[in-house]
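Chemist: Structure in structure tokens, see below.
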Amino acid sequence: MDQFLWRVLPLLTILVSFGVFFYLQDSYTAQLFPLIKLPRDKCSLLPHRHFWISSKRIVTPQGIISGSVEINDGKIISVVEGHAIQGKPKQEEVIDYGDAVIMPGLIDVHVHLNEPGRTEWEGFDTGTRAAAAGGVTTVVDMPLNCYPTTVSKEKLKLKLDAAEDKIYVDVGFWGGLIPENALNTSILDGLLSAGVLGVKSFMCPSGIDDFPMATIDHIKAGLSVLAKYRRPIVVHAEIQQDFENHLELNEDNLDPRAYLTYLNTRPPSWEEAAIKQLVSVTKDTRKGGPLEGAHVHIVHLSDSSASLDLIKEAKSHGDSISVETCPHYLAFTSEEIPNGDTRFKCSPPIRDAYNKDKLWEAVLEGHIDLLSTDHSPTVPELKLMEEGDFLKAWGGISSLQFNLPVTWSYGKKYGLTLEQLSLLWSKKPATLAGLESKGTIAVGNHADIVVWQPELEFDLDDDYPVFIKHSELSAYMGRRLSGKVLETFVRGNLVFKDGKHAPAPCGVQILAK
């Protein structure tokens, strides 16, 4: 027996050493998952672990270069300008994409995958397939509309179990800030200790019974805990206001099929009122303030006037605050939404053409920090397509697969550059979520990469491979777009190519330490 132990002990020591080495290589506890790898041919459509990809257009932090990116074991190990790869062993694969754009994979920090509990709306399998097909290599899942909502460490465990062996891209998780855990900070502390990247709150009813709205006092209490962890709160910033000429929804002269009827029920003053309260708190997040280390991020801004002005002023004073908007606010206008077409219902609502132009101006000038989808799918019966009732239909626009082509198709008309696109969809979202090894094509980062052709046009019709669960509910169906995704790499695995996914889902769950 003693002889057996002496023979086995060195092997165990080596295995433990390898485990410690890989653990220390990354900033996320979840990176232990790749130690147990499926066979390469299951995780990737490409059999190589060490290879190069080349293009005349590679978007890097230093600008667009013509060159090559070397990838080994899921990480970027060199970026070389020019096509001459010095000292490349013959056995290493080189994939030349010509003039297709090589860009950091997109990071969508605002996605509702709804599992567990409402997988019939969307789920980890279908949602991350759609992400991969759209060049999105990381998503951060919202704490609702799953059931139960992710508001404690026990509920997070249910979410992690539901996602296991189902994700085609990397997935992080927001927790939820609700009155219960705001008033009992031990629950919130436990949720953050368990690895959520931050928390989400609503300042108006969420539409989900077990995710009640939070007041500014609840948010301030949460920020005191978040400051310790140096993680953000992401806020749905609308507060219902009494205002002159407020429309009573039961008036006979209101047509619930008219988009204007719905638009008038959620005016810009709702956003302004919420953001006014938030910036009264964010002053404490300044350097040296009592909430230093906490950060407030405002999700899906639709009002480009007074609400945006409040955010700009807070930033100018050094408040730790940021803001996102969504492709649907940058693509659509209230004037063009047909009566009864509830695919376009979301909250805050899509506003007029002037507002859209001002949003684009804020995006291009850097006042809006980043973009996200607020991918919020549901089942057809809740969208009420036949009734066309904007007041009763579920609000949410399914768009996860179309982030890149939609933003590019509409943005290039305003002068959007590839560098700006990458900043808005990769670098800035990575910074918000604390994903230090993602967001740029740089040595040491994860090899999360999208290869796409900006000039290639296509129609989103029945012939286009769409992986969103209920694609017929997406407001983008029927559109002609430019900017087709060709291939998507997640940690060096080729997970999507030519309308096909890798045989097995090998995405990683991302948990903060």
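Chemist: Between A221, L188, G444, whose Cα lies farthest towards the positive end of the dipole of the chain when Lys and Arg beta carbons carry +1 and Asp and Glu beta carbons carry -1, centred on the Cα centre?
Modeler: Positive-end residue among those listed: G444.
Chemist: Here's another thing I want to ask about it. Could you pull out every one of the lysines with an alpha carbon less than 24 Å from that of K358, ignoring same-chain neighbours closer than 8 positions?
Modeler: Within reach: K276, K312, K315, K345, K412, K413, K427, K428.
Chemist: I would also like to ask the following. Long-range amide H contacts for D141: which residues qualify at under 5 Å (H placed 1.01 Å from N, peptide plane, sequence gap of 5 or more or a different chain)?
Modeler: G172, F173, W174
Chemist: In debye, nearest 20, what is the charge dipole magnitude of segment 334-420 about its Cα centre with +1 on Lys and Arg Cβ and -1 on Asp and Glu Cβ, if you could check?
Modeler: On the way: 9 positive and 14 negative charges, 19 e Å.
About 80 debye.
Chemist: Still on this structure: Among G415, L432, W360, whose Cα sits farthest toward the positive end of the charge dipole of segment 103-501 (+1 at Cβ of Lys/Arg, -1 at Cβ of Asp/Glu, about the Cα centre)?
Modeler: Of the candidates, L432 comes out farthest on the positive side.
Chemist: For the chain, what is the mean residue ellipticity at 222 nm derived from helices alone (per DSSP H run of n ≥ 4: -39500 (n - 2.57); sum divided by total residues; nearest 500 deg cm²/dmol)?
Modeler: Estimated from H runs of four or more residues: -8500 deg cm²/dmol.
Chemist: Work out the length of the dipole vector of the chain about its Cα centre, built from +1 on the beta-carbon of each Lys and Arg and -1 on the beta-carbon of each Asp and Glu, and round it to the nearest 20 debye. Please report the intermediate quantities before stating the final value.
Modeler: Working: 50 positive and 67 negative charges, 415 e Å.
Computed about the Cα centre, the dipole is about 2000 debye.
Chemist: Also, I was wondering about something else. Keeping every protein chain in place, order K153, K392 by accessible area at 1.4 Å, biggest value first, i.e. largest first.
Modeler: Numbers: K153 110, K392 150 Å².
Result of the area sort, largest leading: K392, K153.
Chemist: Whole-Hz ³J(HN,Hα) for each residue in segment 140-146, computed from phi via Karplus 6.51 cos²θ - 1.76 cosθ + 1.60 with θ = phi - 60°, x for glycine and proline: what do you get?
Modeler: 10, 7, 7, x, 9, 10, 5
Chemist: A follow-up question, please. What translational diffusion coefficient, in µm²/s and rounded to a whole number, does the Stokes-Einstein relation yield for the chain at 25 °C and a viscosity of 0.890 mPa s, taking the hydrodynamic radius as the Kirkwood radius over Cα pairs?
Modeler: Working: Rh = 23.6 Å.
My calculation gives 104 µm²/s for D.
Chemist: Quick one: Debye curve from the alpha-carbon atoms of segment 361-422 only, equal weights, vacuum; give me log10 I(q)/I(0) at q = 0.15 Å⁻¹ to two decimals.
Modeler: -0.62
Chemist: Pairs K42/K513; K56/K356; K42/K200: which exceed 31 Å Cα-Cα?
Modeler: Numbers: K42/K513 29 Å; K56/K356 33 Å; K42/K200 35 Å.
Flagged as over cut-off: K56/K356; K42/K200.
Chemist: So which GluC sites (Glu not before Pro) in segment 134-182 are both in a DSSP loop and have at most 10 other Cβ atoms within 10 Å of their Cβ?
Modeler: Details: sites: E154, E164, E180; in loops: E164.
Qualifying residues, ordered by number: none.
Chemist: In terms of modelled amide H atoms, which long-range or inter-chain residues lie less than 5 Å from the amide H of R491?
Modeler: Result for R491 returns A447, D448, I449.
Chemist: If DNA, RNA and ligands are ignored and the probe is 1.4 Å, what is the ranking of H375, H50, H501 by accessible area, most exposed first?
Modeler: Putting H375, H50, H501 in descending order of accessible area: H50, H501, H375.
Chemist: Provide the per-residue ³J(HN,Hα) series for segment 505-513, in order, calculated from phi with Karplus coefficients 6.51, -1.76, 1.60 and θ = phi - 60°, each as a whole number of Hz, with x at glycine and proline positions.
Modeler: With coefficients 6.51, -1.76 and 1.60, one gets x, 10, x, 10, 6, 9, 10, 6, 7 Hz.
Chemist: Mind jotting down the distance between the C-alpha centroids of segment 166-218 and segment 440-468, whole Å?
Modeler: 31
Chemist: Apply the membrane-span-like helix rule to the chain: whole DSSP H runs, Cα extent along the own long axis of at least 30 Å, mean Kyte-Doolittle hydropathy at least 1.0. List the helices found.
Modeler: On the way: long enough: 2-24 (33 Å, 1.47).
The answer, listed by residue number, is 2-24.
Chemist: Would you please state the base-10 log of I(q)/I(0) at q = 0.18, 0.30, 0.32 1/Å for segment 184-226, with intensities from the Debye formula using one equal scatterer on every alpha carbon?
Modeler: One equal scatterer on each Cα of segment 184-226 leads to -0.55, -1.14, -1.16.
Chemist: Taking each pair of different alpha-carbon atoms in segment 217-332 once, compute 1/r for the pair, average those values, and report the inverse of that mean as the Kirkwood hydrodynamic radius in Å to one decimal. Provide the component values of the computation, followed by the final result.
Modeler: Working: mean 1/r = 0.0641 Å⁻¹.
Here the Kirkwood hydrodynamic radius works out to 15.6 Å.
Chemist: Please list the non-local residues whose amide H lies under 5 Å from the amide H of E93, H modeled 1.01 Å from N, same-chain partners needing a gap of 5 or more.
Modeler: Result for E93 returns W52.
Chemist: Tell me, what ³J(HN,Hα) does each residue in segment 494-503 have, in order and in whole Hz, if you take phi through Karplus 6.51 cos²θ - 1.76 cosθ + 1.60 with θ = phi - 60° and put x for Gly and Pro?
Modeler: Couplings: 7, 9, 8, 7, 6, x, 10, 9, 4, x Hz.
The values are calculated or read from the model by the stated rules, or taken from the named source; none is laboratory data. Note that the structure is predicted; figures quoted are calculated from it, not measured. Here the Cβ is made from the backbone with ideal geometry for all residues, glycine too, and neighbour counts use every protein chain on show. Each accessible area value is taken on the protein alone, full model and side chains, heavy atoms only, with ligands, DNA and RNA left out. Shrake-Rupley method; radii C 1.70, N 1.55, O 1.52, S 1.80 Å.
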